[in-house]
Structures are given as structure tokens and as C-alpha cells.
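Below: one structure, written as C-alpha cells.
The values are calculated or read from the model by the stated rules, or taken from the named source; none is laboratory data. These numbers were taken from a predicted model, which means no experiment stands behind them. Glycine gets a Cβ as well: all are built from the backbone with ideal geometry, and neighbour counts include every protein chain shown.
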Ligand code: FEO
């Protein structure tokens, strides 16, 4: 497995093939926690890995350099999937100084006993010479946590981008040209939708900040390293940061006895036409991770639930709570659903969509008990129109 990015710059992370739940995120293709070793007159380890894999990281570092010769450990991000190994790493590297910004050091002290660590606080834009190469630190607050930052190596046109541009994707190839590009772009989209979407404004600012940096390689903290498709991932992030709408309708629904399901299919059929991607998702056959990903670039979301106890079905409410937290902007959405003697399901959905500041192009589409063929045809016509 090729793990060399540039001469004396190597990947030393861990591939977690079997993880399937990353704090609720469905990691169907596993994950990686990327760390990088830069060997120069001074040696720096950039980021670490999840705590249980500290030994694997240290073994990779020890295969390249005597552990006593590591001078710096750069922490770009304090979240435990990257900093969890720090206590073991700092103990194993007797001459290493932890390099991080003030917010990161405070966050690390909130997670670990850092009192015995040598630390160096750096500020936005500060540099650290390793000899032939120099590390430049670029603060990127809220991409993904307040203390997050990038580390840039100008001599190599190389950006260590932490969570940004990452993917939860386990693979034997370490680079974007060693795996199917459509797959990694889809995983990058899934990652963006579920981890980064709430911070679109901050992402747009970061993209502006880095626009003038010559970048030939982006080495994120998850997934493969971008070297052959850098423009593609930068373009994708520019689109995702504003939730750019494609010609796409996503129909999301729960159903009790099939009536709302029939309405969902009619709406989906009405939305399906050349040039429009129409996606039909039963909440109980999908998962939050996939639903959020499909929503990211949708122009319109039709969301359905029958009425249960004067409101919507509980799993529909859970999905809306999740989607709302991701703060998707610029969507149109409307509710639909069947009802019996009471009302409230579609109406409650409509309120949630309005609370997300989405455009609501129509009143909820409703059917009493089972929708008749005429009602279904009318729903399809309304969508087609
Ligand atoms: Fe991969 Fe925000 O940690």
C-alpha cells in the first residue's frame, strides 16, 4: 500500500474497516482516521487517530523514525476521532511538543489530562519551520469545531485539511486515483451532508481563504487523499456550502396502513420526468444518513406522514428534528399524508418545514383514509404541473 504523499511525508493513520456507526452516522463503507508524518530537519506528526488505535499509529511512526526524534505533534482538531490517541502518543514521544491554537489546547484540556505535555500555542497564520519545509496554520472555526484548523505546506503545495474534504471510506488505496472517483465523491457528499452542512457559511469563508493557496494535494483526516481530483472536490464543496439545488425532488415518507405510501408513490411519479431526478425514500427502509445526503442538493422535498394522535408519526418527527439541525437552506418543501377522524400529521410537518425557513409552495396534500384513484391521479398531476 502506497502511503507516501511526498518525499518524507507519509500517511501513518488507521483504516477502520468494520466501523458502521460513527456517533449515529451510518458508515456503511467503514472509515479512516488519517495522521501524517513530515520528516525534515525537524519531524512533525500531523494529527493522531481514535484512541483505541494509538498503538497502530505509533507502530507506523516507529517504522519511519525513532519515536524520540519526533519534535512536534500538530493537533488540527480536538474531536476524539483525531485527538483520542494523544495521551498515549504524547507519552510515547518523549521529545514532542504539542502544537495547537489556544481554543484547541483548551478543548484538549477538557478531554484529557494535558498537564504533563509540552505545548506550543500558535495563532492563525503563524508558521513553524521544520527545515526545508514550513508548516503554516490556518484557523477554520466551525469546520468542524470551533478550534479546527488547516495546516498548509507551501513548499509541497499540500493542505492538511482535517475533517474538510473528508469521507468515511475504508479502502486499501490511499489516493483518489486508486479508488472509484464516483464513490469517493458520493462519500464526500454524505460526509458533508451529515457533518459539515450546518456550517455552510464558514465553509464558504474557508474556501475563500484558501482560494489563493496553490494546492496540488489535499490530505484530509478521513478517507482518501485528493491529488488527481482536487478541482472536483473544491467545486463540490462550493456547491454544497450553499446547498445548491439540482433539478431534484426527494419524496420522504412514513406510512401506517399504506395510504400515505400510495400518495408518496403518486407524488414521486408526478415528479419523474426527463431532466429531473426523483427519489422515493420510505423512512423505515432508509436511515438518517442517507436521507440527509439526498436532501443536500434537492430543490424540493415532499415529506409525508399520516396523522397519529393528532400529529405526525414518531419516526417522521425524528427525521425532521435531524434535518432541521443540519440547517439546510434554500429548499422548497411541502407536506402530505392521509388522515381519518383526526387531523394534524401533515399540518405539523408543514410547521417544521416553515421553521427551517423553506419555501412552502402549497398547502399540505391530504387524503381521508385510503386515497382514491382520482385523488392519486390528481396528486401526480399537481406534481407534474
Ligand atoms: Fe473527524 Fe470533527 O472529527
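One table, with the values for the structure above:
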read-out: Single match in 76, 26 (criterion: in the same structural domain as residue 191 (by TED's automatic domain parsing) and buried (at least 24 other Cβ atoms within 10 Å of the Cβ)); value: 76
read-out: Residue among 371, 274, 361 that is under 16 Å from residue 248 (Cβ atoms), at pLDDT below 95 and outside the structural domain of residue 202 (by TED's automatic domain parsing); value: 361
read-out: Entirely in the stretch 58-152, the strands (runs of 3 or more DSSP E) that have 3 or more residues that are closer than 22 Å to residue 11 by Cα and either touching a strand residue (DSSP E or B) at 6+ places or on another chain (Cβ under 6 Å) or at pLDDT 95 or above (or both); value: 72-74, 97-101, 127-129, 134-139
read-out: Some residue of the stretch 199-211 being away from the ligand (no atom under 16 Å from the Cβ), in a loop (DSSP other than H, G, I, E, B), at pLDDT below 95 and not assigned by TED's automatic domain parsing to the domain that holds residue 373; value: yes
read-out: Cross-chain or 6+ apart pairs with Cβ under 6 Å, the stretch 93-118 first and over 18 Å from residue 147 (Cβ atoms), then surrounded by 14 or more Cβ atoms within 10 Å (Cβ to Cβ); value: 93/67; 93/70; 96/70; 96/73; 118/97
read-out: Whichever residue in the stretch 1-14 is modelled with pLDDT of 95 or more and surrounded by fewer than 19 Cβ atoms within 10 Å (Cβ to Cβ) and, among such residues, is farthest from the ligand (Cβ to nearest atom); value: 7
read-out: Single unsatisfied condition, residue 82 versus (1) crowded, with 18+ Cβ neighbours inside 10 Å; (2) more than 19 Å from residue 225 (Cβ to Cβ); value: (2)
read-out: First in the stretch 60-82 and without any contact (Cβ under 8 Å) to a residue 40 or more places away in the chain, second anywhere and within 16 Å of the ligand (Cβ to nearest atom) and assigned to a strand (DSSP E or B), Cβ under 9 Å, 6 or more apart; value: 73/46; 73/100; 75/46; 75/100; 75/101; 75/149
read-out: Subset tally (residues that are part of a strand (DSSP E or B) and either more than 23 Å from the chain's Cα centre (by Cα) or over 18 Å from residue 174 (Cα atoms) (or both)) for the stretch 1-11; value: 5
read-out: Enumerated strands (runs of 3 or more DSSP E) restricted to the stretch 12-53, each holding at least 2 residues that are without any contact (Cβ under 8 Å) to a residue 24 or more places away in the chain; value: none
read-out: Candidates 114, 140, 127, filtered to the one that is touching a helix residue (DSSP H, G or I) at 6+ places or on another chain (Cβ under 8 Å), surrounded by fewer than 23 Cβ atoms within 10 Å (Cβ to Cβ) and assigned by TED's automatic domain parsing to the domain that holds residue 90; value: 114
read-out: The stretch 171-198 - residue that is more than 14 Å from the ligand (Cβ to nearest atom) and under 23 Å from residue 24 (Cα atoms) and, of those, nearest to the chain's Cα centre (by Cα); value: 193
read-out: Qualifying positions in the stretch 287-307 - over 18 Å from the mean Cα position of the chain (by Cα) and closer than 20 Å to residue 345 by Cβ; value: 300, 301, 302, 303, 304, 305, 306, 307
read-out: So residue 43, is it more than 16 Å from the ligand (Cβ to nearest atom), assigned by TED's automatic domain parsing to the domain that holds residue 96 and in contact with a helix residue (DSSP H, G or I) (Cβ under 6 Å, 6 or more places away or on another chain); value: yes
read-out: Identity of the residue in the stretch 235-248, touching a residue at least 60 places away in the same chain (Cβ under 8 Å) and buried (at least 17 other Cβ atoms within 10 Å of the Cβ), that ends up nearest to residue 80 (Cα to Cα); value: 237
